[in-house]
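Here the structure comes first, spelled out in structure tokens, and everything after it is commentary.
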Amino acid sequence: MNQSPLQKARYQYQPKLPGMLRNGISEICVKEGAATQSVADQEKIQALFPNTYGEKEITFEKGANTSEAKKQVVGVILSGGQAPGGHNVVCGLYDALKATSSENTLLGFKNGPSGLLDDDYVEFDDAYIDAYRNTGGFDIIGSGRTKLETEEQFAVASEVCKKHGITAIVIIGGDDSNTNAAVLAEYFAAHKTGVQVIGCPKTIDGDLKNEDIECSFGFDTATKTYSEVIGNIERDANSAKKYWHFIKVMGRSASHVALECALETQPNICLISEEVAEKKMSLSQIADYIADSVEKRAAKGMNFGVAIIPEGVVEFVPEFKSLIAEINELLAGAQGEAFNALESWEEKYAFIEKGLTAESMAVFAILPQTIQQQLFLERDPHGNVQVSLIESEKLFSALVKDKLDARGYTGRFSALHHFFGYEGRCAFPSNFDADYCYSLGYNAFMLIQYGYTGYLSKVSNLAKPAEEWVAGGMPITKMMNMERRNGEDKPVIKKALVELDGKPFKYFEAHRDQWAVETAYTYPGAIQYYGPAEVCDLTTRTLALEKGE
């Protein structure tokens, strides 16, 4: 198979481990901390997880390894959306497992959790693993979005584990996947299967984050990849001096990606969904805010600019939320069938006008026709509008144009549109993500060896050099609260939104008025793998600001 020179070179990169994990497996001991409780709804979470709730936080230190010696057969699953560095979690897990005993075995279940249910797996060996080190996303075994949440599924998983003599399962995923890991761990513990479950924190959206998880893996690489291209677009905008670029970036339920890219590139505009919700901003107010920047820059002879738009921002606009709710009601049951039977858009528009309240119709009426029609595209499995299909970058540029026309603006405003999503999900991991992911996998095996279950592999102090990182584990139940999902109260890991009183947002807030009018662009350039540490091992601006670095 042909390989690029960079691909070959990256296979040879040796990821850095936290200092205490460099001592050799035989010299790693456990220090137990305080017992834990969930972030909210303690009584309800404890009742749902009687066998795994309230366990202690742990840290690994230098000292004699006191774990029980036994053969380990470990299964690993990649779950949910891809993220750079996923391969290195598997590689770190494999290396720690084999360093302990050559008899230990690692099985990779294919295409996500369904691989465990279907007993579809590959047994890893050195050659297989070596072909994926320090590269890509999840193609080593593929991923999937099957949820492990029913008694029937757990029973099947238990039988598959029993068949292969599996001692532990490692689930690499986001908040939903790690919630499933906690539920599976509880089932295995309650049924005394002897199978441990360990989770690893993944999501490029950055919303699997709390006082224990400083950042999820993949966020660093994805935001650096987007920031490189945004910087390139800024350079182009400043060269051609004739286009406004509206750039949508991933992040449906939180704006961590948008904020990090803004801190990296200093665009003229960056919307933060959490602020839109906090201030109850309308579409009209947001459009006015952007139009102000366009006019002020035009007055200085700068008919160009860059605006970053989080993927899910429209869901945070109160009036738009109400509109979506009304459309969902309008298209429910027989009414939806009647709407779909209409042939022309004029007929459909009249149907909509009749069915919406005056307030929601006023919002609907200001939307460009293309966006109006996107709201009535194919529904999701629950019959709801698929908000992620709405091209919000085109929505806001159209609303801004209407604002400028209404103001009598006579200058130039030419908009171009971009969406950066999949481009960042499987990039070559940055040195940070290569090191972090390898450490998470290596650390996951240490948790297995010491008999822990229902724990998340935890590596912290990440704003410091890898030598100073701290490895350990935390009960997944500590991160949980109860939320309403599909009409039921369910235990889930609490999503972390952008904190409007946090240091990263405050820094952005202090500088954005200047960026809106001036051309203050910064150009991060491509991810660097070789060279000085201050360039190659650089962490995100978000993490650096949070930790005061």
| remark: Partner aspartates and glutamates whose C-alpha sits under 19 Å from that of residue 241, ignoring same-chain residues fewer than 8 away, are 292, 295, 518
| query | Hey, can you rank 273-284, 202-213 by average C-beta count inside 10 Å, highest first? | reply | 202-213, 273-284
| remark: Extension length gain for residue 46 and residue 389 (0.36 nm per residue less Cα distance), in nm, is 119.7 nm
| Phi-based couplings in Hz for segment 200-211 (Karplus 6.51, -1.76, 1.60; Gly and Pro marked x) | 10, x, 10, 4, 6, 5, x, 9, 9, 7, 6, 5
| note | Counting only DSSP beta bridges with both partners in the chain, the antiparallel fraction in percent, to the nearest 5, comes to 40
| query | Going by a ≥ b ≥ c, the root eigenvalues of the Cα gyration tensor, does segment 1-54 fall in the rounded group (a/c under 1.5), the prolate group (a/b larger than b/c) or the oblate group? | reply | oblate
| note | Listed with the fewest Cβ neighbours within 10 Å leading, 426, 536, 437, 215 appear as 536, 426, 215, 437
| Which parts of segment 453-470 would a label at residue 56 reach, counting a residue when its backbone N lies under 15 Å from a point 7 Å out along Cα-to-Cβ? | 453
| message | Suppose the chain between residue 509 and residue 190 were pulled fully straight at 0.36 nm per residue; how much longer would it get relative to their current alpha carbon spacing? | response | 109.9 nm
| remark: Which residues qualify? For residue 419, with a placed amide H closer than 5 Å and at least 5 residues away or on another chain, they are 248
| field | Listed residue pairs exceeding 18 Å between alpha carbons, taken from 506/547; 110/147; 8/224 | value | 8/224
| How would you rank 170-180, 314-324, 115-125, 339-349, highest first, on the average number of other Cβ atoms within 10 Å across their residues? | 170-180, 314-324, 115-125, 339-349
| task | Would you mind checking the pairs 163/464; 209/248; 44/71; 98/458; 248/495; 44/70 and listing those with alpha carbons more than 32 angstrom apart? | result | 163/464; 44/71; 44/70
| Built amide H within the under 5 Å cut-off of residue 270, gap 5+ | 308
| About the Cα centre of the chain, what is the dipole size in debye to 20, counting +1 per Lys and Arg Cβ and -1 per Asp and Glu Cβ, all else neutral? | 940
| note | Here D for the chain, in µm²/s, from Stokes-Einstein with a Kirkwood Rh over Cα pairs at 37 °C and 0.692 mPa s, works out to 132
| Counting only residues 5 or more places away or on other chains, whose amide H sits under 5 Å from the amide H of residue 302 once H atoms are built in the peptide plane? | none
| query | So how far apart, in nm, are the two label points at residue 159 and residue 523 if each is 7 Å from Cα heading toward Cβ? | reply | 6.1
| field | In sequence order, calculated HN-Hα J values of segment 527-532 (Karplus, 6.51, -1.76, 1.60; Hz; x Gly/Pro) | value | 4, 9, 10, 10, x, x
| request: For segment 459-549, just say rounded, prolate or oblate: build the C-alpha gyration tensor, square-root its eigenvalues into a ≥ b ≥ c, call rounded for a/c under 1.5, and beyond that prolate if a/b exceeds b/c, oblate if not. | output: oblate
| said: Quick check on packing: order 290-298, 408-416 by the mean number of other C-beta atoms within 10 Å, highest mean leading. | reply: 290-298, 408-416
| task | Calculate, for residue 31 and residue 101, the FRET efficiency according to 1/(1 + (r/R0)^6) with r their C-beta to C-beta distance and R0 25 Å; round to the nearest 0.05. | result | 0.55
| Estimated FRET transfer efficiency when R0 is 22 angstrom, pair residue 343-residue 379 (beta carbons, to 0.05) | 0.70
| query | Using θ = phi - 60° and the Karplus form 6.51 cos²θ - 1.76 cosθ + 1.60, what ³J(HN,Hα) does each residue of segment 23-39 get, whole Hz, x for Gly and Pro? | reply | 6, x, 3, 6, 10, 10, 10, 10, 10, 8, x, 7, 5, 10, 9, 5, 5
| note | Whole-Å distance linking the alpha carbon centroid of segment 339-372 with that of segment 290-321 is 25
| remark: Excluding residues fewer than 8 positions from residue 401 in its own chain, the lysines with Cα under 17 Å of it are 242, 296
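Classify segment 354-450: rounded, prolate or oblate, from the alpha-carbon gyration tensor (a ≥ b ≥ c, eigenvalue square roots; a/c under 1.5 rounded; otherwise prolate if a/b is larger than b/c)?
Numbers: a/c = 4.05, a/b = 1.93, b/c = 2.09.
Oblate shape, in that a/c is at least 1.5 and b/c is the bigger or equal ratio.
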| query | residue 354: which aspartates and glutamates have alpha carbons under 14 Å from its alpha carbon, excluding same-chain residues fewer than 8 sequence positions away? | reply | 326, 329, 346
| request: Run through the DSSP bridge list for segment 1-133 and note the antiparallel percent, rounded to the nearest 5. | output: 70
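No value in this document is a laboratory result; all are computed from the given coordinates. Since the structure is predicted, the reported quantities are computational estimates derived from the model, not experimental observations. Please note: Cβ atoms are built from the backbone with ideal geometry, for glycine as well, and neighbour counts cover all protein chains shown.
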